[in-house]
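Structure first, commentary second.
Read the figures in this text as sums done on the coordinates, not as results from a lab. This one's a predicted model, so the numbers in the text were calculated from it and none came from an experiment. Positions of Cβ are generated from backbone atoms using ideal geometry, with glycine treated the same way; all protein chains shown enter the neighbour counts.
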Amino acid sequence: MTKAGKLFIISGPSQVGKNTIAKQVTKYKQLRLAKIITVTTRHRRPDDKLATYNFVTVKKFRRMIKDARFLEWAKVHQDYYGTPQKNVTNNLLAGRNVVLVIDVQGARQIKKIIPSTITIFITAETTAELKRRIFDSRHIPNNQKLARWRSTLKELRAARSYDYMVVNRWGKLPQAVKRVKTIISRHL
C-alpha cells in the first residue's frame with residue numbers, strides 16, 4: 001500500500017516570491033512535490049504562465065463553489081482564488097507530496113480540515129521592503145496597491161499561526177528556496 005503524501009502550504013504577502021519559491025522547490029525530484037494549479041477569476045497578466053493558474057469566469061467559479069469542487073476558496077483583492085479538491089486528494093493518495101500557494105484565509109480553512117498540513121509563511125526582511133515591493137510593482141494596478149498594502153499588514157499578523165517563517169531577502173532568492181526545501185525535507 002502506498003503511503004499518503006504530505007501537504008505543505010506556502011503563504012505570504014503580495015510580491016514576496018511565493019510562486020517562484022514553490023516553482024523552484026518542485027524541481028527537487030526527491031521531494032516528490034506536486035504543485036496544484038490554483039483556479040482564479042483574476043485577469044491574466046502578460047507574464048502569466050498557463051501552469052501557474054487556471055483562469056475562469058466569475059460565473060464558472062461560482063458554479064465550482066456550488067458543486068463543492070474546492071478544498072478551499074477565498075475572495076482576495078477583488079478576485080476569487082480556489083484550490084481544486086480532487087487534484088489535492090488524488091496526489092496525496094498516490095503518495096505524492098503537495099505544495100499549495102495560497103493566502104492566509106485558505107491556509108486557515110485547510111489547516112482545520114487537514115491539521116497535519118505544514119504551513120510556511122514567506123515574507124521580506126522588513127515591512128518597509130514589503131511596502132516598496134508592492135508600490136514599485138508593475139504587475140499591480142495603481143488603484144490596487146493601497147489595498148494590497150493593507151492586506152499585507154493583516155497577513156503579517158496571521159504569520160504567527162504558521163509553522164515556519166522564511167525571509168526572502170531582496171536578491172537572495174536561492175537562500176529562501178534552500179530554506180523551504182530544508183523545511184519540506186524535514187517532514188518527509
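Just a few scattered comments:
- Largest to smallest principal axis extent of the C-alpha atoms in segment 64-162, angstrom: 42, 28, 20
- Segment K27-A94, length gained on full extension (0.36 nm per residue, minus Cα span): 22.2 nm
- Residues whose amide H lies under 5 Å from that of L71, counting only those 5 or more places away or on a different chain, are T83, Q85; hydrogens are built 1.01 Å from N in the peptide plane.
- Counting every other Cβ atom within 10 Å of each residue's Cβ, K145, K112 order from fewest to most as K112, K145.
- Aspartates and glutamates with Cα under 15 Å of K172, excluding same-chain neighbours fewer than 8 positions away: E125, E129
- Computed over segment 7-186, the convex hull of the alpha-carbon atoms projects to a mean area of 10.1 nm².
- Rounded to the nearest 20 debye, the dipole magnitude of segment 78-125 is 300 debye, with +1 charges on Lys and Arg beta carbons, -1 on Asp and Glu beta carbons, and the Cα centre as origin.
- Using Cβ point charges alone (K and R +1, D and E -1), the dipole size of the chain about the Cα centre works out to roughly 200 debye.
- Antiparallel DSSP beta bridges within the chain, percent to nearest 5: 30
- Structure note, pairs K35/K66; K6/K29; K18/K131; K27/K181; K75/K131: Cα-Cα distances above 18 angstrom occur for K35/K66; K75/K131.
- With 0.36 nm allotted per residue and the present C-alpha distance subtracted, the F55-I113 stretch has 18.3 nm of extension available.
- Candidates L146, L92, L100, ranked by Gaussian network fluctuation over the chain, Cα under 10 Å, top entry: L146
- Shown for T152, T127: other C-beta atoms within 10 Å of each C-beta, ranked fewest to most, produce the order T127, T152.
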